[in-house]
Amino acid sequence: MTGDGLSDGDLFDGGDDLFGGDGPSGADRLSGADRPSGREASRGGSGPTGPTGPTGPAGTTGPDSAEARAAEAEELAVEQALALVGSGSQAPGHDRTRATGRTPGRSGDQTNGRAPRGQAPTGGTGATDEPGPSPYAVPSPYTESAPGSPAAAAPGSRRTDDPASAPSCAPAPAPRSPVVDLPWERARAVAARAGRGGPRAVVRLALDRALGHVLAEPLAALTDLPSFDTSAMDGWAVAGPGPWTYDEGAGLLAGGQDARLPDGTAVRIATGARTPADTTAVIRSEHAHADPARRLLSARRPVVTGQDIRPRGQECRTGDQLVPAGTVVTPAVLGLAAAAGYDALPAVPRPRVDVLVLGDELLASGLPHDGLIRDALGPLLAPWLRALGAEVSAPRRLGDDAEALRTALTSSDADVIITTGGTASGPVDHVHPVLAALGVELLVHGVAVRPGHPMLLARFSPDGPHLVGLPGNPLAAVSGLLTLAEPLLAGLAGRPAQDAYRALVHADVPGHPHDTRLVPVVHRAGRAGGRDHVAPLRYNGPAMLRGIAAADGLAVVPAGGVRSGTEVEILDLPWAPATPWTEGCFT
């Protein structure tokens with residue numbers, strides 16, 4: 001890589017899937033403009049139609065028209081996409097009601113319409129010919145109707161994501177499905193709100209255990225700093241005008257007792273020692289001349305009253321706020337807390353995270369062989385999550401086993417469960433069916449981002465715990481980690497959100513037609529007066545880690561891509577600070 005970035009030919013291998021390779025391509029997926037909202041396409045936008053029902057909009061001729069047949073084909077495509085949501089137990093032809101907030105129609109003895117963790121909800125879990133709520137309680141981020149409201153739960157009412165039935169106070173639904181593939185920015189906002197939503201516990205940690213935690217309360221000074229007037233230098237404390245007499249054997253050391261200094265006298269003093277009452281100034285050793293024979297001290301420079309004395313309360317007074325709540329406890333914060341009189345600090349507990357690695361094809365050691373590959377995410381996730389402020393257990397490998405997954409989920413006592421793989425709809429992808437059977441609330445089901453769009457965020461109760469489902473491809477999993485896990489954990493740990501910033505990108509970066517792309521980049525310092533910028537890395541396929549291993553961050557590339565010289569949002573990696581920008585390697 002040169003300092004001017006990479007050409008298109010250098011950016012991507014010829015065999016790389018430009019759009020992430022972890023889902024249907026742009027040509028295979030309905031765009032936001034083409035995708036019908038609810039069932040408007042098949043119903044003609046003017047109400048339900050039966051076998052001999054009313055015609056659609058002006059210009060159509062009824063169910064047997066070409067337009068109607070096209071609408072039916074689109075309806076089938078939408079139904080197949082929506083079939084990913086819920087348990088799949090409903091009979092064909094029944095609507096899936098997606099009310100804002102919790103699933104409507106649940107009995108009042110279940111908290112917010114959900115069964116206790118580990119138990120299937122009553123109704124909607126087994127095969128039935130009767131329409132009923134999906135065990136997935138899927139809140140729609142595009143409507144504002146109250147959970148359980150009559151408009152949402154009334155039998156026979158239209159779906160809440162149908163524009164014609166939306167409450168007048170609700171914003172119009174987005175062109176995309178309100179459940180599948182949330183816009184990237186909205187998905188991050190949902191994850192951040194989920195992290196901040198529950199009550200925050202407070203623990204008091206001894207100073208030697210508080211490093212890396214977040215302060216739950218502002219840190220107020222318990223004493224004046226300094227607590228008394230002290231010498232800022234090694235030298236002589238003097239009183240009144242000079243020259244000054246002194247006692248050769250006398251001296252004041254740090255921690256010494258208070259004393260008085262008569263006018264016209266001097267005494268040796270150490271840095272940090274309390275200055276005697278009535279001290280005029282401290283004269284540094286190199287600025288003083290002592291005559292042992294006469295026991296007289298004179299100054300080589302003019303003496304200013306108060307020089308080299310740190311007065312009491314110079315840094316703070318008792319009760320002053322030293323650092324605000326939400327501050328990460330660094331070594332410097334520990335030192336300040338100790339100086340201000342603290343033995344323990346009020347902190348937010350680190351969120352506890354369990355990592356479940358799914359996949360029969362994964363090896364824990366050795367070389368890949370016989371269709372088996374090494375598990376890259378187990379070694380990657382634990383330290384990355386610790387860098388985000390979490391307390392992480394050793395990753396567990398479960399294979400492709402639905403019952404093992406269910407047992408692991410229901411027996412975990414973690415605040416967040418991270419799963420890898422199994423989030424799509426393949427024959428051994430068990431995450432969605434197991435979560436549906438457990439009746440969890442699905443907050444995010446797919447994100448419009450490449451790589452990594454089949455990610456998910458769910459929670460077992462209003463206060464958690466939460467589950468983040470990451471795709472199995474390594475870079476796709478990193479995308480999910482930064483999109484959902486990072487803002488969720490920041491909220492749970494009380495950490496401030498990552499400051500968004502933008503930087504110039506050198507080189508054209510192709511984009512997906514509809515989705516955001518996350519592309520590994522390195523920081524480059526500007527040359528000959530040029531601006532600092534980022535350069536995209538070549539190895540950015542969904543299964544590749546070579547690019548992210550050399551990266552300083554990921555560029556957030558909007559749909560359609562960007563031209564060289566465009567500013568893009570940058571997500572920094574936890575171990576790669578934005579400044580000072582340094583040359584990358586292995587590019």
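Tabulated data
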{"item": "The stretch 370-439, accessible area per residue, ligands and nucleic acids excluded (1.4 Å, Å²)", "result": "41 Å²"}
{"item": "For the stretch 406-517, diffusion coefficient by Stokes-Einstein and Kirkwood Rh (Cα), 37 °C, 0.692 mPa s, µm²/s", "result": "215 µm²/s"}
{"item": "Fraction of the pair-distance distribution of the stretch 310-357 above 18 Å, Cα-Cα pairs, percent", "result": "44 percent"}
{"item": "nm² value of the averaged projected area, convex hull over the Cα atoms of the stretch 429-583", "result": "10.0 nm²"}
{"item": "Dimensionless Rg/Rh of the stretch 346-413 - Kirkwood Rh, Rg from C-alpha atoms", "result": "1.06"}
{"item": "Solvent-accessible surface ranking, highest first, for T265, T330, T305 at 1.4 angstrom", "result": "T305, T330, T265"}
{"item": "Solvent-accessible surface ranking, highest first, for H445, H506, H289 at 1.4 angstrom", "result": "H289, H506, H445"}
{"item": "Nonlocal amide H pairs with L296, under 5 Å, H built at 1.01 Å", "result": "D291"}
{"item": "Dmax and Rg, reported as Rg then Dmax, of the stretch 215-299 (C-alpha, Å)", "result": "15.4, 61"}
{"item": "For the stretch 340-472, alpha-carbon Rg relative to the globular expectation (2.2 N^0.38 Å, N residues)", "result": "1.16"}
{"item": "Gap separating the Cα centres of the stretch 358-427 and the stretch 463-528, nearest whole Å", "result": "20 Å"}
{"item": "In order through the stretch 197-207: 3J(HN,Hα) via Karplus (6.51 cos²θ - 1.76 cosθ + 1.60), integer Hz, x for Gly, Pro", "result": "x, x, x, 9, 6, 10, 10, 9, 10, 4, 4"}
{"item": "Residues whose placed amide H lies under 5 Å from that of A273, excluding near-sequence neighbours", "result": "S231, A254"}
{"item": "Hydrodynamic radius (Kirkwood) for the stretch 258-320, which is based on Cα pairs only, to one decimal in Å", "result": "13.3 Å"}
{"item": "Carbon plus sulfur fraction of accessible area for the stretch 271-398, probe 1.4 Å, in percent", "result": "51 percent"}
{"item": "The stretch 546-560 and the stretch 271-303: distance between their alpha carbon centers, rounded to Å", "result": "61 Å"}
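The values are calculated or read from the model by the stated rules, or taken from the named source; none is laboratory data. Model, not experiment: these values are computed from the prediction. Note: accessible area is taken over every heavy atom of the protein model, side chains too, but ligands, DNA and RNA are not part of it. Shrake-Rupley method; radii C 1.70, N 1.55, O 1.52, S 1.80 Å.
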